[in-house]
Each structure stands twice: as C-alpha cells, then as structure tokens.
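The values are calculated or read from the model by the stated rules, or taken from the named source; none is laboratory data. Computed from a predicted model, the values in this text were never measured in an experiment. Neighbour counts run over all protein chains shown; Cβ positions are idealised from the backbone, glycine included.
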Amino acid sequence: MDYTGLSLDAAPPLSVPLRFFLAAPAFGIAAALLTAWVGPSVLASRWTPATLATVHLLTVGYLSMVMAGALLQLLPVLAGARVGHERAVAAGVHGLLCAGTPLLAGGFLLSDRALLRTGAALLVTALAALILAAGRALAVPRTRAGRGLALALTALAATLGLAAWLAGRYLTAPASRPVWVDMHLTWGLFGWVGLLLITVAHQVVPMFQMTPAYPAPSHHRLVPALFLALLLWSAAAGLAARGALPAAAVTFAALPIAAGYGWFAAATLWLQHRRRRRLPDVTVAYWRLGTGSLLLAAALWGAGAAAPAFARDPRWALLLGVLVIIGFGVSVIHGMLCKILPFLVWLHLHRARFAAGRPRAPIPPMKELLPERAARRQFHLQCLALVLLAAATVWPQLLTRPAALALAAAFAEFWRLALGTAHRYRRLVRPVEE
Ligand code: HEM
C-alpha cells in the first residue's frame with residue numbers, strides 16, 4: 001500500500017476513533033427496529049414523526065457518529081492538524097452524541113417539543129465542539145485534504161444553524177418549514193457528509209483499492225466547486241421562498257450539485273475499473289454499491305426536475321432518501337471501515353511493539369484482523385436491505401417490515417465485525433505489552 005501524504009506517526013490513540021465506530025451501528029439497528037415496529041407509515045411520507053426519528057437515528061446516530069470519529073483520526077494524519085486534548089474532545093463529543101440522538105429521535109417520535117429541544121441542544125453542543133476543536137487545528141489548512149475537511153466542517157456548521165432554527169419552530173410554524181428543511185438536509189447530506197466522503201475518497205480510494213489517482217482537476221477543485229454550488233443553490237432557494245425567483249430557478253441552481261456528485265460517482269467507478277490488482281475485494285464492492293446508488297439518485301433527481309408531477313409523488317423523495325442515506329452514505333462508510341478498522345489495529349499493534357521495545361513481536365496480517373469472508377456476508381445483507389428498502393418505498397404495505405428487518409440484520413452483522421476486530425486488538429496487544 002502507498003501511504004504517501006499520510007503522517008501516520010501523528011495518529012491519535014486508537015480509543016479516539018474506535019469509540020465512535022463501535023457506537024454507531026447501535027443507532028443503525030435502532031433506526032431499523034423502529035421502522036419494523038412502526039411499519040409502513042415510516043415510508044408513506046417524509047413528514048411522519050417516525051420517519052423524522054428514523055432519519056435522524058441514521059444521519060446523526062450513524063453517519064455523523066462515524067464521521068466525527070473519522071475526522072478526529074484524519075485531521076492529524078491527512079491534514080497535519082493536531083487536535084488539542086484529543087482524548088477529552090473525543091469522550092465529550094461521543095458522550096453528547098450518544099445522549100442527544102435518542103432524545104432527538106424520541107422528541108420526533110412522541111411529538112414532544114421539550115424532549116426534541118433537549119436532544120437538539122446536546123447534539124448542537126457536541127457537533128459545535130467538534131467544529132471548534134477541528135477548526136482550531138485547521139486554522140491554517142496545510143494540505144488540499146485540510147481545505148476539504150474545513151469546507152465539510154463549514155457545511156456542518158450551516159446544517160447545525162438550520163437544525164437549531166428548525167428545532168425551535170418544530171410543531172409551531174408549519175407553513176414556512178419545507179424550504180428550510182430542504183436547506184438543512186442538503187447542507188447535511190451533500191455538504192457535511194458528501195464533502196467529507198469525497199475528500200477522504202481522494203486519499204483512500206487509490207491507497208486501499210490500488211486504483212490510479214483521481215484526475216488532478218477533481219483533486220483540486222471538486223470539493224470547493226460543490227461548496228460554491230451549495231451556496232448558490234441556497235441563495236436561489238431563499239429568494240424563491242420570498243417569491244423573488246420562480247421555483248424553476250431553484251431546480252436549475254441544483255443542477256451543478258447533481259452534476260458534481262454524478263461526476264464523482266462515475267469517476268470512482270471508472271478508477272475501480274482500471275485498478276491494478278484484480279483480486280476480489282469487498283471494499284471495492286461496497287464502493288460500487290455506494291457510487292451506483294449515488295448515480296441512480298442523480299438520475300432520479302433529474303427525472304423529477306424534468307417532470308415536476310413525478311417529483312410531487314411522495315414516493316419520489318423517500319426513494320431519493322433511501323438511495324442517498326442507505327445506498328450511498330451507509331455503504332461507502334461500511335466499505336471504508338472494512339479497511340480502516342484493520343489498518344488502525346495493525347498500526348497500533350505495530351506502535352505497541354516498538355513502545356515495548358519488542359520490534360520483532362509477531363503481528364497478523366490485516367486480512368486476519370477483519371476477515372474478508374465475514375465482511376462479504378455483511379455486504380450481501382447490505383445489498384438485500386437496500387433493494388428491499390427501495391422497493392418498500394413503492395410497496396410500503398408489503399415490504400416495509402421485511403426491509404427494516406434486513407437492515408437491522410445488516411447493521412448487527414457490521415457491529416459484530418467491528419467488535420470482533422476491536423476484541424482481536426485487545427487480545428493481541430496484551431502479550432506485546434507484558
Ligand atoms: C444536530 C442536530 C439536528 C437537529 C436538531 C435536527 C433537526 C431537524 C428538524 C427539526 C428537522 C425538520 C423537521 C420538520 O420540520 O418537519 C430536520 C429534518 C431533517 N434533517 Fe435534521 N437535525 C439535525 C441534524 C441533521 C444532520 C446532521 C442531518 C444529515 C446529515 C440531518 C438530516 C435531516 C433530514 C434528511 C431531514 C428531512 C427529513 C425528511 O425529509 O423526512 N439532520 N432536522
């Protein structure tokens with residue numbers, strides 16, 4: 001593997017990212033079980049209390065949880081930016097996310113304003129603390145990746161500002177909500193989640209999947225261009241909400257965002273097609289699933305833009321949500337973690353060996369730290385859950401519960417894999433340190 005551009009000596013202690021990676025699947029399972037319990041109404045409309053609860057268990061409890069851990073891991077390694085008091089920051093952010101997510105979801109589910117606002121306050125505090133800690137470390141971004149991470153954090157700040165505003169008005173002022181909800185979810189999914197994943201992909205796809213590098217213009221400009229496109233779209237949506245622009249202008253302004261993500265997905269698939277090692281690799285499969293879902297989402301969005309009657313069908317938005325959150329976000333994150341988890345364990349065992357003055361103590365290869373066969377089983381469950389969920393948006397009565405149970409099984413299997421790797425670390429590091 002080629003580690004050029006990484007400062008591996010600066011990696012934080014393993015507990016810093018691991019506590020996030022091990023907690024996240026519990027929220028994925030909770031989202032899936034909630035859907036199975038409530039049933040078809042979760043996929044009947046974007047606005048039901050259970051849908052909003054499920055969406056936030058996934059976007060905050062799963063996606064943002066993993067990404068907070070990944071960010072604390074990557075800032076020093078990828079961007080040369082050291083986070084001060086990293087253990088304390090990780091413990092604080094993690095604790096607040098774990099407490100705030102069920103409260104926010106419970107507030108949505110029970111339509112309880114006090115619960116929702118308490119959850120929102122804890123989550124905004126957690127993620128604002130992450131932005132402050134990371135922002136201080138990134139004050140002078142030294143690398144291209146550092147600039148990408150800084151833009152993803154700025155998008156998170158926009159998401160949080162809108163989240164706080166929406167939480168303050170939830171259940172009080174429905175009339176003006178949709179445009180601000182759309183802005184919040186767009187900055188959350190295509191700013192915070194998307195820009196971070198694209199920034200990390202430019203580093204880890206060539207490294208872990210042995211592909212050629214992304215083309216230089218993509219490396220230099222894709223993330224800033226997408227950020228600018230998000231700003232322009234927000235301005236257009238704000239003006240249209242006041243009646244100063246026709247609604248069609250907002251669709252037009254969203255085109256560069258769809259084109260940028262479509263390009264990223266197509267470029268990743270093309271690079272994978274040209275990879276140097278042809279051996280089967282589950283990470284490649286997850287990325288194909290993720291980027292394929294992203295391309296489908298871009299096509300579905302395009303169809304809705306060309307035929308507005310199609311986009312008015314509630315199933316359109318729900319299918320888009322499934323493709324972006326589960327198809328793209330969750331699949332790509334599983335794919336990354338299948339490489340990052342064993343890599344981190346291997347790295348920290350290696351460090352422990354030197355720290356104990358035993359540089360020759362044996363360390364198993366990475367593929368034994370997270371077995372490929374078990375990961376492939378999880379991948380098949382993930383595919384099954386995604387197909388069933390997508391179909392359930394069309395036939396909710398028939399398929400919501402089977403789809404939700406398949407998703408719970410997929411998250412549970414991923415949790416088992418991650419816990420197994422963490423357990424192997426504890427078992428292997430003990431004899432090195434003794
Ligand atoms: C930090 C805490 C957060 C709070 C307090 C919060 C709060 C809210 C509120 C109040 C709504 C609007 C509900 C309505 O008016 O009907 C909403 C919608 C939404 N939020 Fe969040 N949010 C948070 C974080 C996030 C993040 C980080 C993401 C994405 C990564 C996200 C994705 C969404 C989505 C996709 C919707 C629309 C749901 C739908 O259309 O069914 N939220 N959020």
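Has the range 209-229 got any residue that is within 21 Å of Ala53 (Cα to Cα) and among the polar types (S, T, N, Q)?
Kept after step one, since they are within 21 Å of Ala53 (Cα to Cα), are these residues of the range 209-229: none.
No; the residues of the range 209-229 include none that is within 21 Å of Ala53 (Cα to Cα) and among the polar types (S, T, N, Q).
Quickly run through the range 166-188 and pick out the residues that are part of a helix (DSSP H, G or I) and more than 9 Å from the ligand (Cβ to nearest atom). So that I can check it myself, show each step before the final result.
Taking the range 166-188 and keeping what is part of a helix (DSSP H, G or I), we get 166-169, 177-188.
Answer for the range 166-188, where residues must be part of a helix (DSSP H, G or I) and more than 9 Å from the ligand (Cβ to nearest atom): Val179, Met183.
Among residues that are in contact (Cβ under 8 Å) with a residue 24 or more places away in the chain and touching a Lys or Arg at 6+ places or on another chain (Cβ under 9 Å), Ala392 is included. The residues in the range 72-96 that are more than 14 Å from Ile131 (Cα to Cα) and touching a Phe, Trp or Tyr at 6+ places or on another chain (Cβ under 8 Å) can be counted, and the count is 0. Put simply, of Leu407, Leu398 the only residue that is of a type outside the set (D, E, K, R) and either buried (at least 17 other Cβ atoms within 10 Å of the Cβ) or touching a Leu at 6+ places or on another chain (Cβ under 8 Å) (or both) is Leu407. Mind counting the residues in the range 38-53 that are farther than 18 Å from Asp182 by Cβ, among the hydroxyl-bearing types (Ser, Thr, Tyr) and near the ligand (Cβ under 10 Å from one of its atoms)? Matching residues across the range 38-53 total 0. Residue count for the range 120-165 satisfying the condition of being part of a helix (DSSP H, G or I), without any contact (Cβ under 8 Å) to a residue 40 or more places away in the chain, of a type in the set (Val, Ile, Thr) and more than 9 Å from the ligand (Cβ to nearest atom): 2. Does the range 109-119 contain any residue that is modelled with pLDDT of 95 or more, near the ligand (Cβ under 9 Å from one of its atoms), part of a helix (DSSP H, G or I) and crowded, with 20+ Cβ neighbours inside 10 Å? Looking through the range 109-119, at least one residue is modelled with pLDDT of 95 or more, near the ligand (Cβ under 9 Å from one of its atoms), part of a helix (DSSP H, G or I) and crowded, with 20+ Cβ neighbours inside 10 Å.
If we scan the range 365-374, do we find a residue that is crowded, with 16+ Cβ neighbours inside 10 Å, closer than 27 Å to Leu72 by Cα and within 16 Å of the ligand (Cβ to nearest atom)? No, the range 365-374 has no match at all. Of all residues in the range 34-74, those that are closer than 19 Å to Phe328 by Cβ and more than 17 Å from the chain's Cα centre (by Cα) total 4. Out of the residues in the range 189-240 that are modelled with pLDDT under 90 and polar (S, T, N, Q), which is farthest from the ligand (Cβ to nearest atom)? Per the stated criteria, the residue is Gln209.
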